[in-house]
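Worksheet: one structure, shown below.
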Amino acid sequence: MKPKMIVVVLVIVMALIILSQNTQVVTVHVLFWDLSMSRIILIPFLLLVGFIIGFFIGKNSWDW
(Lines give C-alpha, C1' and ligand atoms only; values in the text may rest on other atoms or scores of the structure.)
Protein backbone atom coordinates (compact mmCIF):
# COMPACT_ATOMS: atom_id res chain seq x y z
CA MET A 1 0.00 0.00 0.00
CA LYS A 2 1.26 3.47 -0.88
CA PRO A 3 1.85 5.96 1.94
CA LYS A 4 -0.66 8.38 0.41
CA MET A 5 -3.36 5.70 0.45
CA ILE A 6 -2.61 4.86 4.08
CA VAL A 7 -3.01 8.52 5.06
CA VAL A 8 -6.31 8.78 3.16
CA VAL A 9 -7.67 5.65 4.85
CA LEU A 10 -6.59 6.90 8.29
CA VAL A 11 -8.23 10.29 7.73
CA ILE A 12 -11.48 8.64 6.61
CA VAL A 13 -11.47 6.29 9.61
CA MET A 14 -10.81 9.18 12.01
CA ALA A 15 -13.60 11.23 10.42
CA LEU A 16 -16.04 8.34 10.76
CA ILE A 17 -15.10 7.87 14.43
CA ILE A 18 -15.57 11.58 15.16
CA LEU A 19 -18.92 11.67 13.36
CA SER A 20 -20.21 8.51 15.02
CA GLN A 21 -19.44 9.92 18.48
CA ASN A 22 -21.31 13.17 17.81
CA THR A 23 -24.89 12.05 17.29
CA GLN A 24 -26.46 14.30 19.94
CA VAL A 25 -29.03 16.88 18.88
CA VAL A 26 -27.84 20.46 19.32
CA THR A 27 -29.63 23.77 18.98
CA VAL A 28 -27.89 26.47 16.97
CA HIS A 29 -29.02 30.07 17.52
CA VAL A 30 -28.58 32.18 14.38
CA LEU A 31 -29.96 35.71 14.65
CA PHE A 32 -33.72 35.13 15.03
CA TRP A 33 -33.76 31.41 14.24
CA ASP A 34 -33.23 28.36 16.40
CA LEU A 35 -32.06 25.35 14.39
CA SER A 36 -32.09 21.91 16.01
CA MET A 37 -30.09 19.24 14.25
CA SER A 38 -27.78 16.35 14.93
CA ARG A 39 -24.07 17.09 15.23
CA ILE A 40 -23.44 14.36 12.67
CA ILE A 41 -25.15 16.65 10.13
CA LEU A 42 -23.92 19.97 11.52
CA ILE A 43 -20.18 19.20 11.48
CA PRO A 44 -19.92 18.21 7.77
CA PHE A 45 -22.27 21.07 6.80
CA LEU A 46 -20.10 23.66 8.55
CA LEU A 47 -16.97 22.07 7.10
CA LEU A 48 -18.44 22.36 3.60
CA VAL A 49 -19.46 25.98 4.18
CA GLY A 50 -15.94 26.76 5.42
CA PHE A 51 -14.34 25.16 2.37
CA ILE A 52 -16.62 27.09 0.02
CA ILE A 53 -15.91 30.42 1.75
CA GLY A 54 -12.19 29.67 1.80
CA PHE A 55 -12.23 28.74 -1.88
CA PHE A 56 -13.85 32.01 -2.92
CA ILE A 57 -11.71 34.17 -0.62
CA GLY A 58 -8.56 32.38 -1.76
CA LYS A 59 -9.57 32.64 -5.40
CA ASN A 60 -10.09 36.40 -5.12
CA SER A 61 -6.77 36.97 -3.36
CA TRP A 62 -4.86 35.72 -6.44
CA ASP A 63 -6.45 38.32 -8.73
CA TRP A 64 -4.37 41.26 -7.53
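For (1) assigned to a strand (DSSP E or B); (2) without any contact (Cβ under 8 Å) to a residue 12 or more places away in the chain, each residue gets a yes or a no:
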{"site": "Met5", "(1), (2)": "no, yes"}
{"site": "Leu10", "(1), (2)": "no, yes"}
{"site": "Val13", "(1), (2)": "no, yes"}
{"site": "Asn22", "(1), (2)": "no, no"}
{"site": "Val28", "(1), (2)": "yes, no"}
{"site": "Asp34", "(1), (2)": "yes, yes"}
{"site": "Pro44", "(1), (2)": "no, no"}
{"site": "Gly50", "(1), (2)": "no, yes"}
Is there a residue in the range 24-38 that is at pLDDT below 85 and surrounded by 10 or more Cβ atoms within 10 Å (Cβ to Cβ)?
no
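The values are calculated or read from the model by the stated rules, or taken from the named source; none is laboratory data. Given the structure is predicted, the values throughout are model-derived calculations rather than measurements. For neighbour counting, all protein chains shown are included, and Cβ atoms are generated from backbone atoms with ideal geometry for every residue, glycine included.
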